[in-house]
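Novice: The structure is given below, and queries will be raised subsequently.
Just so it is clear, none of the values below were taken in a lab; they were calculated from the coordinates. Treat the numbers as computed from the prediction; the structure is a model and nothing was measured. Quick reminder, even Gly has a Cβ in these numbers, built from the backbone with ideal geometry, and neighbours come from all protein chains shown.
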Amino acid sequence: MTGHFKIVFSDIDGTLLDSQNRVPVKTREAILELEQRGIPFVLISARSPEGMEPIKRELGNHAPMVSFSGGLIQDAEGNVLSEKKIGLELAVALKDMFDREFPQLCCNTYGGSLWVVDDDRNPWVRGEEAITGLKASVGTVAEQFAAMGGVHKFLLMGEPEEIRSAQERIHQVYPQLSLGASKPEYLEVMDGTVMKSAGIRMLCSKLNIPVEESIAFGDGLNDVGMLQAAGRGYAMANAPAEVRERVAHTAPDNDHEGILAVLQELFDL
């Protein structure tokens with residue numbers, strides 16, 4: 001079994017991190033041991049690269065990184081391998097729609113290293129700043145992202161019922177977009193070709209590793225496609241039932257080093 005798997009993909013929040021947003025020490029040691037054996041441990045998240053970098057530094061490994069749920073894929077040196085954005089004109093139209101139809105939701109716009117909001121005093125924004133350790137900027141989509149020509153992601157935050165309503169409406173008006181709920185209070189809106197499953201396939205192809213020889217860990221609805229696409233996918237025991245029911249394997253929860261338990265079993269660590 002040890003020789004069969006060549007790459008590991010892991011979600012961050014609720015998967016690699018425990019409920020105190022920490023990387024368990026023994027899990028980190030196992031990840032570094034895998035790297036010494038030539039097996040990359042790749043972080044894959046809806047977070048921005050800046051939101052992922054502190055975790056990668058804490059791990060101390062040198063693997064590629066997949067951010068914005070596959071909207072941006074970088075090699076171990078940070079060079080861009082793949083990038084998919086919502087064009088500026090559509091992004092501006094989307095933001096206008098959110099403001100008009102869902103004013104109760106908190107809208108966050110991401111592109112590259114930019115995180116732009118309407119009000120950085122909003123409690124949802126403050127909460128996200130606390131989780132990621134980043135600081136949001138106040139501005140407009142049209143001005144802040146003009147040079148980039150588009151955005152990587154919108155993140156809508158709010159009560160679950162309002163999030164569901166927004167998801168239905170956005171899908172109705174813009175069926176070409178990719179919508180993902182990492183948790184009931186969050187809705188990510190991205191280019192229609194962006195999916196974590198596509199991200200792992202693309203990176204495996206770049207690294208000449210058959211996707212059948214990959215392992216993936218996740219806990220959210222937006223992880224299901226990736227967990228099904230990987231050679232072996234593990235839903236964390238803390239994942240919602242609807243996630244665990246759709247994935248073949250389950251790992252112990254993130255507060256009991258679920259990733260470590262699986263890696264020890266598969267790689268004889």
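Novice: How much of the calculated P(r) for the range 64-137 lies past 13 Å, in percent of all Cα pairs?
Specialist: Here the tail beyond 13 Å accounts for 72 percent of pairs.
Novice: For the cross-link pairs Lys6/Lys56; Lys95/Lys135; Lys183/Lys206; Lys26/Lys183, which exceed 23 Å when the distance is taken from alpha carbon to alpha carbon?
Specialist: Beyond 23 Å: Lys183/Lys206; Lys26/Lys183.
Novice: Just need the relative contact order of the range 122-269 here, percent rounded to a whole number, with Cα pairs under 8 Å and 6+ apart.
Specialist: 13
Novice: Let me ask something else about it. Efficiency by 1/(1 + (r/R0)^6): what FRET value for Lys135 and Glu213, r their Cβ-Cβ distance, R0 = 30 Å, to the nearest 0.05?
Specialist: Efficiency, rounded to the nearest 0.05: 0.15.
Novice: Something else now. What translational diffusion coefficient, to the nearest whole µm²/s, does the chain have by Stokes-Einstein, given a Kirkwood radius computed over alpha-carbon pairs, a temperature of 37 °C and 0.692 mPa s viscosity?
Specialist: The Stokes-Einstein estimate is 176 µm²/s.
Novice: Something else: Compute the helix-to-body angle for 160-173: its Cα long axis versus the longest principal axis of the chain, expressed 0 to 90° and rounded to tens.
Specialist: In the chain, helix 160-173 runs at an angle near 80 degrees to the longest axis.
Novice: What's the extension gain from Asp119 to Asp268 if we count 0.36 nm per residue and subtract their Cα-Cα distance?
Specialist: Full extension of this stretch gives 48.7 nm more.
Novice: Also: Report the rotationally averaged projected area of the range 51-94 based on its alpha-carbon convex hull, in square nanometres.
Specialist: The directionally averaged projection comes out at 3.6 nm².
Novice: How high is the relative contact order of the chain, given as a whole-number percent (alpha carbon pairs under 8 Å, six or more residues apart)?
Specialist: So the answer I get is 20 percent.
Novice: Could you tell me how far the Cα centroid of the range 220-269 sits from the Cα centroid of the range 118-187, in Å?
Specialist: 27
Novice: In terms of modelled amide H atoms, which long-range or inter-chain residues lie less than 5 Å from the amide H of His249?
Specialist: The list, which skips near neighbours in sequence, is Gly233, Ala235.
Novice: Helix 49-59 against the longest principal axis of the chain: what's the angle in degrees, Cα atoms only, rounded to the nearest 10?
Specialist: With rounding to tens, the tilt is 20 degrees.
Novice: Tell me the mean residue ellipticity at 222 nm calculated for the chain from its helices only (DSSP H runs of n ≥ 4, each -39500 (n - 2.57), averaged over every residue, nearest 500). Mind dumping the intermediate values first?
Specialist: Working: 10 runs with 96 residues, N = 269.
Taken over the chain, the calculation gives -10500 deg cm²/dmol.
Novice: Using only Cα atoms and rounding to the nearest 10 degrees, what angle (0 to 90) does helix 196-206 make with the longest principal axis of the chain?
Specialist: The answer is roughly 60 degrees.
Novice: Looking at the chain, which longest stretch skips every one of the GluC sites (Glu not before Pro) that is in a DSSP loop with at most 13 other Cβ atoms within 10 Å, leaving the sites themselves out?
Specialist: Formally, the longest exposed-site-free interval is 78-244.
Novice: State, in angstrom, two size descriptors of the range 164-269 derived from its alpha carbons: Rg to one decimal place and Dmax to the nearest whole number.
Specialist: Calculated on Cα positions, Rg and Dmax stand at 15.2, 50 Å.
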